[in-house]
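Shown next, in structure tokens, is the structure this report addresses.
Just so you know, all these numbers are worked out from the coordinates, no wet-lab data involved. These numbers come from a predicted model, not from an experiment. Cβ placement follows ideal geometry from the backbone for every residue including glycine, while neighbour counts extend to all protein chains displayed.
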Amino acid sequence: MNTIISKIDINDIDKNEIKKQSKLLAEGKTVIFPTETVYGLGANALDEDAVKKIYEAKGRPSDNPLIVHIYDKEDVYNLAKNINEKAELIMNKFWPGPITVILNKKDVVPYRTSGGLETVAVRMPSHLIAREIIKEAGVPIAAPSANISGRPSPTKADHVYEEMKGRVSGIVLGGDCNFGLESTVLDVTTETPMILRPGSITKEELEDVIGTVLIDPSLEKKEDNKKAKAPGMKYTHYSPDADVYIVSGNREDTIKKINSLVAENNEKGLKTGIMCLEENKNSYNGEVVSLGSTLEEVGSNLFDALRQMDKMNIDIVYSEEFSTSGVGQAIMNRLLKSAGYKIIKA
Ligand code: TXA
Ligand code: MG
């Protein structure tokens with residue numbers, strides 16, 4: 001497939017390039033564009049044939065529902081019905097931004113978009129390029145993360161260019177995604193809202209606005225994963241080619257353990273990669289990728305670090321464990337999935 005590439009600077013948005021890409025979307029074709037979380041692979045959410053192309057480009061199971069992206073908050077009323085007060089509070093407080101709400105769908109949303117469910121996931125992104133693209137397309141845009149199914153979500157222009165060129169009709173190269181982790185998915189159709197996927201908007205932030213919020217209990221353990229309420233959470237995900245392990249323990253023990261594992265791997269001729277906090281990077285032997293100094297930085301760098309490991313032909317990756325407070329909940333959720341829940345005690 002011929003892919004039309006547009007390079008767009010977020011600080012000086014070229015309206016002609018936006019128009020070119022949005023036209024493809026309006027014609028029922030697929031376009032990849034940046035959002036504040038990760039790059040999305042978009043198509044007209046109301047057009048079944050267009051949506052089918054998303055699943056084909058990603059190699060994604062078709063029971064996995066898509067998030068519908070809108071330009072204006074008012075557009076949510078065309079897609080969803082029986083929207084309750086808590087949903088309104090969340091949308092008013094956090095939109096535009098990295099949160100997706102699950103609502104009861106109207107008939108206009110095809111089952112191919114909702115993965116056969118009676119609900120629809122809706123999000124209003126804040127990224128200026130994403131907003132221009134959706135506005136200009138004039139239709140709501142279904143967009144999963146723009147990776148081949150199972151791979152880490154793309155957070156940089158290079159990621160989508162390398163992985164998706166030739167698989168979609170258009171790609172907007174628009175720099176780095178600042179949050180770097182996918183949106184928080186919140187089901188607001190139930191009496192007490194439930195987080196189906198943790199993201200950069202945290203449980204605490206949500207509870208400040210609507211009171212008690214639950215977290216889908218199946219997210220915590222591998223065995224329970226098949227019961228996850230967001231269909232996407234039950235699939236293998238975020239996997240680089242390398243085998244990933246999380247090493248759990250205090251700082252000193254973790255460093256000692258990882259270095260002894262690196263020595264063992266060296267003897268076996270295996271190349272080892274390490275993902276750690278910036279402050280620890282000089283303590284390790286092996287190929288070290290620093291994830292940054294704060295949890296926010298770790299969230300923003302995680303997927304790129306996993307992709308870097310593949311670029312360096314790493315066989316085994318050890319990652320430090322991170323706190324599960326605040327955005328740490330989302331980080332550890334993605335890290336555990338990419339490690340297939342393999343944890344080594346230091
Ligand atoms: O940040 C994001 O959300 C990115 C950007 C592109 O917006 N999109 C994204 O989409 O991560 P995707 O398709 O990779 O993940 C959507 C998640 C999946 O886990 C899916 O199962 C869940 O949301 N989901 C979508 N619709 C749902 C529904 N009606 N009920 C429950 N879960 C739903
Ligand atoms: Mg995804």
Exercise for the section: Could you tell me whether Leu196 is at negative phi, within 16 Å of ligand 2 (Cβ to nearest atom) and buried (at least 20 other Cβ atoms within 10 Å of the Cβ)? Expected result: yes
Problem - Evaluation of Tyr39 against (1) in contact with a helix residue (DSSP H, G or I) (Cβ under 7 Å, 6 or more places away or on another chain); (2) more than 23 Å from Cys177 (Cα to Cα) (one fails), failing number - result: (2)
Practice task
Counting only residues that are small (Gly, Ala, Ser) and touching a residue at least 12 places away in the same chain (Cβ under 8 Å), give me the strands (runs of 3 or more DSSP E) lying completely in the range 1-49 with at least 2 of them.
Solution key: 40-44
Practice task
Test Glu27 against the stated conditions and say whether it is acidic (Asp, Glu) and within 16 Å of ligand 2 (Cβ to nearest atom).
Solution key: no
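Out of the residues in the range 158-168 meeting the condition of being in contact (Cβ under 8 Å) with a residue 24 or more places away in the chain and either outside any loop (DSSP other than H, G, I, E, B) or acidic (Asp, Glu) (or both), tell me which one is nearest to ligand 1 (Cβ to nearest atom). Don't jump to the end; show me each part of the working.
Residues of the range 158-168 that are in contact (Cβ under 8 Å) with a residue 24 or more places away in the chain, as a first pass: 159-161, 164-168.
Narrowing the set further to residues that are either outside any loop (DSSP other than H, G, I, E, B) or acidic (Asp, Glu) (or both) leaves 159-161, 164.
Values: His159: 13, Val160: 11, Tyr161: 16, Met164: 13 Å.
Only one residue tops the list, namely Val160.
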Exercise for the section: Residues being within 15 Å of ligand 2 (Cβ to nearest atom) and either surrounded by fewer than 24 Cβ atoms within 10 Å (Cβ to Cβ) or of a type in the set (Ser, Thr, Tyr) (or both): count how many of those fall in the range 118-136. Expected result: 0
Practice task
Identify all residues within the range 146-191 that are more than 17 Å from the chain's Cα centre (by Cα), closer than 26 Å to Asp216 by Cα and among the polar types (S, T, N, Q); write none if there are none.
Solution key: Thr189, Thr190
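Residue-wise test of (1) buried (at least 17 other Cβ atoms within 10 Å of the Cβ); (2) in contact with a Pro (Cβ under 8 Å, 6 or more places away or on another chain).
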{"position": "Ala157", "(1), (2)": "yes, yes"}
{"position": "Val168", "(1), (2)": "yes, no"}
{"position": "Glu191", "(1), (2)": "no, no"}
{"position": "Ser200", "(1), (2)": "yes, yes"}
{"position": "Asp208", "(1), (2)": "no, no"}
Fill in the blank from the handout: Selection over the range 329-340 where residues are within 12 Å of Tyr238 (Cβ to Cβ) and out of contact with any Phe, Trp or Tyr (no Cβ under 8 Å at 6 or more places or on another chain) yields a count of 4
Fill in the blank from the handout: Filter the range 58-75 for residues that are more than 9 Å from ligand 1 (Cβ to nearest atom) and farther than 20 Å from Leu196 by Cα; the one that is farthest from the chain's Cα centre (by Cα) is Glu74
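If the requirement is being within 16 Å of ligand 1 (Cβ to nearest atom) and on the phi < 0 side of the Ramachandran plot, which of these qualifies: Ala26, Ala43? Even if it seems obvious, please write down each step before you answer.
Values: Ala26 fails: within 16 Å of ligand 1 (Cβ to nearest atom).
When all the criteria are applied, what remains is Ala43.
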Practice task
Would you confirm whether any residue within the range 137-146 is surrounded by fewer than 24 Cβ atoms within 10 Å (Cβ to Cβ), closer than 20 Å to Asn11 by Cα and either of a type outside the set (Gly, Ala, Ser) or touching a strand residue (DSSP E or B) at 6+ places or on another chain (Cβ under 6 Å) (or both)?
Solution key: no
